[in-house]
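J.: I have a structure here, written as structure tokens, and I will follow up with some questions on it.
The values are calculated or read from the model by the stated rules, or taken from the named source; none is laboratory data. These figures come from a predicted structure and were not determined experimentally. Using ideal geometry, Cβ is built from the backbone for each residue, glycine included, and neighbour counts are taken over all protein chains shown.
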Amino acid sequence: MSTATSTETGTATGTATAERDRPGAGDAVRVEPVTQARVVVSEWVKLRSLRSTGFTLLAAVTAMVGIGWIICSATASRWSRMPPGRLAEFNPVDTSLAGFHLAQLAVGVLGVLLVTGEYATGMIRATFGAAPRRLPVLWAKTGLYAAVTFVLLLVAALAAFLGGQQFLGTHGTTLSADGAVRAVIGVAGYLTLIGMFAVALGFLIRSTAGGIATLFGLLLVAPGLGELLPSDWQPHILPYLPGNAGEAMFAVHPGAGSLSAGAGLAVLVTWVVVALAAAAVLLARRDA
Amino acid sequence: MVCRDGTAAVPSVGVNRQKDPLIMIEARNLTKRYGDKTAVDDLTFTVRPGIVTGFLGPNGAGKSTTMRLILGLDAPTSGTVTVAGKPYREHARPLRTVGALLEARAIHTSRSAYNHLRALAATHGIARSRVDDVVEMVGLQDVARKRAGGFSLGMGQRLGIASALLADPETLLLDEPVNGLDPEGIRWIRDLLKSLAAEGRTVFVSSHLMSEMALTAEHVIVVGRGRLIADMPMAQLIAGASADTVVVVSPDAAALGRALAADGVVVTGLDATTLEVAGLTAAQVGDRARDLRFSIHGLAPKQASLEEAFMEMTRDEVEYHAETPTPGRAA
């Protein structure tokens, strides 16, 4: 047993682990140190091996593309009957990307579930048993989910835009239109940030129901509640809610009183960073 | 502290512990409180390699909490616990240092056993062939591709053991591993634990069943309500625990009982004609009865079972008695 401490002496070689001298160790198992990259690979295996991942991401893409196309074709067919007020507000870019309203819910739910599913089943103990420093798990889950969401929803947003313009026909536009590229990339970025925020909420709240309720409350309920605030308070609160700030960053014609695109992005990133920082602090301190 | 044969080279516990790499798990004044409830109360013990060490205690005694503290899943309120000289989380290859099976299942129910093991293996760069090996080792090859949520308790335990063995660990930490296993599985676990210990590994196994531990463990640490009750070789525990009694049947039991009762002798009436006598041998009871001219219809020595000895030892420390069936979160 002279090699009892071999686990911590080997650095990157990995061969240090093969030198056990106990009997039965002829078929020594090669074991490498835990690194951030290996935790990412592990999270990738986890992400791919749950069916709910595929279903939920498919739902997000379908919502993004399908709703955009449906609204565009419905708008084109009813163009002559549209009230003047709606016509004045009409923007072909924003119309084709309207599916984000639903897609954000799918992306958010999956982000919460990636974490709370582990707490609910007890898997989190195996996860932290294998990566006891814990923070690499937070970064891996967040980063991986962000990458997957961004790639998939960028493609979906592009499909929604291009198809939507086809459905709009003469009322449509092209990617060279003012703000069109920013809108397509921006909406994918918005959904990605919502996904990251949801992962952080999952680590903070640790229960599926609580995490999803909090997310939906912020995205869906808070803007409505904000409308009930005294009107001189509203400009100081409403534009800074994650949904409104996000819409400011990609919409060609965001709602009245919204922030600039850059400010919207900055505000939404702040939400995500603060949530992740809080999750990191609590993750390191709380019992698993 | 008595050293077992075969471990004569191991220095006696208490001498220079921290510098001895052979001493694999060391808890010092380990205490964990949840709110105002103390789950683990000032535990100090050492678990050595090369033998199976049993961790015994009734449900709610703090066994699972102690195991979570060893793995760093929960942080101690005070005190420390180290594995091979440092806290678990500071090891570069934690799964190589400790392979753990925790009582509550630590498996995502929607994932297959195979993918569960692959995800764990990936954190340590362990090859797929090793995943196949451990799946075969625990006999799950036929169901490894199925959802772990559909597993029976016994299959779940086998998967947990496969996870524990994945990185060929130096220390095994198993919380109630025989739970839900059939007799064949229990026997398999016993043999596995003994062979792992024989290879020089540290094996720390919790159980609330004394009889099970008696067959597997060479050394035993007994806890009750989070406190240390005993830390000794199993043989010593068994020897000290045998509070033997004599069962006497006599038509005049009540009078015989009064006659036998003396300092150090406890007589309990079981029914109108039967007595249980502690503190005298069967021969002594027979001789006294003859001298006093009592008629004896039956005389039998009764050896206390291990389970009784264990219950006696922990009686004051049992948190949940039968009449208050509170489910214990931390066993």
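J.: Need the failing condition index for A:Thr127 against (1) within 14 Å of another protein chain (Cβ to nearest Cβ); (2) surrounded by fewer than 21 Cβ atoms within 10 Å (Cβ to Cβ); (3) at pLDDT 95 or above, just the number.
T.: (2)
J.: Within the bounds of the stretch A:93-109, is there any residue that is within 14 Å of chain B (Cβ to nearest Cβ), more than 27 Å from A:Ala180 (Cα to Cα) and crowded, with 19+ Cβ neighbours inside 10 Å? Steps first, answer last, please.
T.: Of all residues in the stretch A:93-109, those within 14 Å of chain B (Cβ to nearest Cβ) come to none.
For the stretch A:93-109, residues within 14 Å of chain B (Cβ to nearest Cβ), more than 27 Å from A:Ala180 (Cα to Cα) and crowded, with 19+ Cβ neighbours inside 10 Å: absent.
J.: Further, regarding this structure: B:Lys194 is checked against (1) under 16 Å from the mean Cα position of the chain (by Cα); (2) within 24 Å of B:Thr65 (Cα to Cα) and fails just one. What number does that condition carry?
T.: (2)
J.: State yes or no: is B:Gly54 closer than 22 Å to B:Asp182 by Cα, surrounded by 19 or more Cβ atoms within 10 Å (Cβ to Cβ) and small (Gly, Ala, Ser)? Can you show your working first?
T.: Values: closer than 22 Å to B:Asp182 by Cα: yes; surrounded by 19 or more Cβ atoms within 10 Å (Cβ to Cβ): yes; small (Gly, Ala, Ser): yes.
When the stated conditions are applied, B:Gly54 passes them.
J.: Identify the single condition in (1) assigned to a helix (DSSP H, G or I); (2) touching a residue at least 40 places away in the same chain (Cβ under 8 Å) that A:Arg133 does not satisfy, given that it satisfies every other one.
T.: Just one mismatch for A:Arg133, condition (1).
J.: Taking the condition without any contact (Cβ under 8 Å) to a residue 24 or more places away in the chain, out of contact with any Leu (no Cβ under 6 Å at 6 or more places or on another chain) and of a type in the set (A, V, I, L, M, F, W, C), does A:Leu97 pass? Break it down stepwise before answering.
T.: Working: without any contact (Cβ under 8 Å) to a residue 24 or more places away in the chain: no; out of contact with any Leu (no Cβ under 6 Å at 6 or more places or on another chain): yes; of a type in the set (A, V, I, L, M, F, W, C): yes.
Against the criterion (without any contact (Cβ under 8 Å) to a residue 24 or more places away in the chain, out of contact with any Leu (no Cβ under 6 Å at 6 or more places or on another chain) and of a type in the set (A, V, I, L, M, F, W, C)), A:Leu97 does not qualify.
J.: Let me ask something else about it. Can you tell me which residues in the stretch A:25-42 are under 30 Å from A:Leu158 (Cβ atoms) and within 8 Å of chain B (Cβ to nearest Cβ)?
T.: Scanning the stretch A:25-42 gives a single hit, A:Val41.
J.: Among the numbered criteria (1) over 23 Å from B:Gly60 (Cβ atoms); (2) in contact with a helix residue (DSSP H, G or I) (Cβ under 9 Å, 6 or more places away or on another chain); (3) more than 14 Å from chain A (Cβ to nearest Cβ); (4) of a type in the set (Asp, Glu), which single criterion is violated by B:Asp252?
T.: B:Asp252 satisfies every listed condition except (2).
J.: B:His108 fails exactly one of the following numbered conditions: (1) at the interface with another protein chain (Cβ under 7 Å from one of its Cβ atoms); (2) not in a loop (DSSP other than H, G, I, E, B). What is the number of that condition?
T.: Result: B:His108 fails condition (2) only.
J.: Then there's this: Out of curiosity, is A:Leu154 over 11 Å from the mean Cα position of the chain (by Cα), more than 14 Å from every other protein chain (Cβ to nearest Cβ) and either surrounded by fewer than 23 Cβ atoms within 10 Å (Cβ to Cβ) or closer than 30 Å to B:Val83 by Cβ (or both)? Don't jump to the end; show me each part of the working.
T.: Numbers: over 11 Å from the mean Cα position of the chain (by Cα): yes; more than 14 Å from every other protein chain (Cβ to nearest Cβ): yes; either surrounded by fewer than 23 Cβ atoms within 10 Å (Cβ to Cβ) or closer than 30 Å to B:Val83 by Cβ (or both): yes.
In short, yes.
J.: Also, quick follow-up: Considering B:Ala283, B:Ala214, B:Ala289, B:Ala259, which residue is hydrophobic (A, V, I, L, M, F, W, C), in a helix (DSSP H, G or I) and surrounded by fewer than 15 Cβ atoms within 10 Å (Cβ to Cβ)? Steps first, answer last, please.
T.: Details: B:Ala214 fails: surrounded by fewer than 15 Cβ atoms within 10 Å (Cβ to Cβ); B:Ala289 fails: surrounded by fewer than 15 Cβ atoms within 10 Å (Cβ to Cβ); B:Ala259 fails: surrounded by fewer than 15 Cβ atoms within 10 Å (Cβ to Cβ).
It is B:Ala283.
J.: Here is a further query. Can you go through A:Ala263, A:Ala256, A:Ala248, A:Ala275 and tell me which one is under 23 Å from A:Val181 (Cα atoms) and either of a type in the set (Asp, Glu) or crowded, with 18+ Cβ neighbours inside 10 Å (or both)? If you could, list the steps in order and put the result at the bottom.
T.: Numbers: A:Ala263 fails: either of a type in the set (Asp, Glu) or crowded, with 18+ Cβ neighbours inside 10 Å (or both); A:Ala256 fails: either of a type in the set (Asp, Glu) or crowded, with 18+ Cβ neighbours inside 10 Å (or both); A:Ala275 fails: under 23 Å from A:Val181 (Cα atoms).
Every option except A:Ala248 fails the conditions.
J.: Would you kindly identify the helices (runs of 4 or more DSSP H) lying entirely within the stretch A:202-271 that contain at least 1 residues that are touching a residue at least 60 places away in the same chain (Cβ under 8 Å)? Steps first, answer last, please.
T.: Working: elements: A:208-216, A:222-226, A:234-237, A:242-250.
Hits in the stretch A:202-271: A:208-216, A:242-250.
J.: Please enumerate the residues belonging to the stretch B:82-105 that are more than 7 Å from chain A (Cβ to nearest Cβ), surrounded by fewer than 24 Cβ atoms within 10 Å (Cβ to Cβ) and under 22 Å from the mean Cα position of the chain (by Cα).
T.: Across the stretch B:82-105, the qualifying residues are B:Thr82, B:Glu103.
J.: Given the criteria more than 12 Å from chain B (Cβ to nearest Cβ), within 27 Å of A:Asp287 (Cβ to Cβ), assigned to a helix (DSSP H, G or I) and out of contact with any Phe, Trp or Tyr (no Cβ under 8 Å at 6 or more places or on another chain), does A:Thr142 qualify? Spell out how you get there, then give the answer.
T.: Numbers: more than 12 Å from chain B (Cβ to nearest Cβ): yes; within 27 Å of A:Asp287 (Cβ to Cβ): yes; assigned to a helix (DSSP H, G or I): yes; out of contact with any Phe, Trp or Tyr (no Cβ under 8 Å at 6 or more places or on another chain): yes.
Criteria met by A:Thr142.
J.: Identify the single condition in (1) among the aliphatic types (A, V, I, L, M); (2) at pLDDT 80 or above; (3) surrounded by 12 or more Cβ atoms within 10 Å (Cβ to Cβ); (4) in a helix (DSSP H, G or I) that B:Val267 does not satisfy, given that it satisfies every other one.
T.: It fails just one condition, (4).
J.: I'd like to check something: does the stretch A:111-124 contain any residue that is more than 14 Å from chain B (Cβ to nearest Cβ), in contact with a Gly (Cβ under 8 Å, 6 or more places away or on another chain), surrounded by 19 or more Cβ atoms within 10 Å (Cβ to Cβ) and modelled with pLDDT of 95 or more? Please lay out each step first, then the result.
T.: Narrowing the stretch A:111-124 to residues more than 14 Å from chain B (Cβ to nearest Cβ): A:111-112.
Remaining after also requiring in contact with a Gly (Cβ under 8 Å, 6 or more places away or on another chain): A:111-112.
Checking the rest, the ones that are also surrounded by 19 or more Cβ atoms within 10 Å (Cβ to Cβ) come to A:111-112.
Narrowing further to those that are modelled with pLDDT of 95 or more: A:111-112.
So far as the stretch A:111-124 goes, yes, one or more of its residues are more than 14 Å from chain B (Cβ to nearest Cβ), in contact with a Gly (Cβ under 8 Å, 6 or more places away or on another chain), surrounded by 19 or more Cβ atoms within 10 Å (Cβ to Cβ) and modelled with pLDDT of 95 or more.
J.: Same structure, new question: Among the listed residues A:Ala180, A:Ala188, identify the single one that is in contact (Cβ under 8 Å) with a residue 24 or more places away in the chain and over 18 Å from the mean Cα position of the chain (by Cα). Break it down into steps so the answer makes sense when it comes.
T.: Details: A:Ala188 fails: over 18 Å from the mean Cα position of the chain (by Cα).
Selected residue: A:Ala180, the only one of A:Ala180, A:Ala188 that is in contact (Cβ under 8 Å) with a residue 24 or more places away in the chain and over 18 Å from the mean Cα position of the chain (by Cα).
J.: Quick check on B:His116: is it buried (at least 23 other Cβ atoms within 10 Å of the Cβ) and part of a helix (DSSP H, G or I)?
T.: Considered against the rule, which asks whether it is buried (at least 23 other Cβ atoms within 10 Å of the Cβ) and part of a helix (DSSP H, G or I), B:His116 comes out as yes.
J.: Now, a different point. Of the numbered conditions (1) of a type in the set (Ser, Thr, Tyr); (2) within 23 Å of A:Thr270 (Cα to Cα); (3) over 15 Å from the mean Cα position of the chain (by Cα), A:Thr149 satisfies every one except a single condition; which is it?
T.: So the condition that A:Thr149 fails would be (3).
J.: Can you go through B:Thr44, B:Thr65, B:Thr53 and tell me which one is within 14 Å of another protein chain (Cβ to nearest Cβ) and at negative phi? Spell out how you get there, then give the answer.
T.: Details: B:Thr44 fails: within 14 Å of another protein chain (Cβ to nearest Cβ); B:Thr53 fails: within 14 Å of another protein chain (Cβ to nearest Cβ).
Selected residue: B:Thr65, the only one of B:Thr44, B:Thr65, B:Thr53 that is within 14 Å of another protein chain (Cβ to nearest Cβ) and at negative phi.
J.: Identify the single condition in (1) at pLDDT below 95; (2) more than 14 Å from chain B (Cβ to nearest Cβ) that A:Ala280 does not satisfy, given that it satisfies every other one.
T.: Here A:Ala280 clears every test but (1).
J.: Considering the stretch B:145-182 alone, what residues qualify as being over 18 Å from the mean Cα position of the chain (by Cα), under 20 Å from B:Leu209 (Cβ atoms) and within 11 Å of another protein chain (Cβ to nearest Cβ)?
T.: B:Gly156
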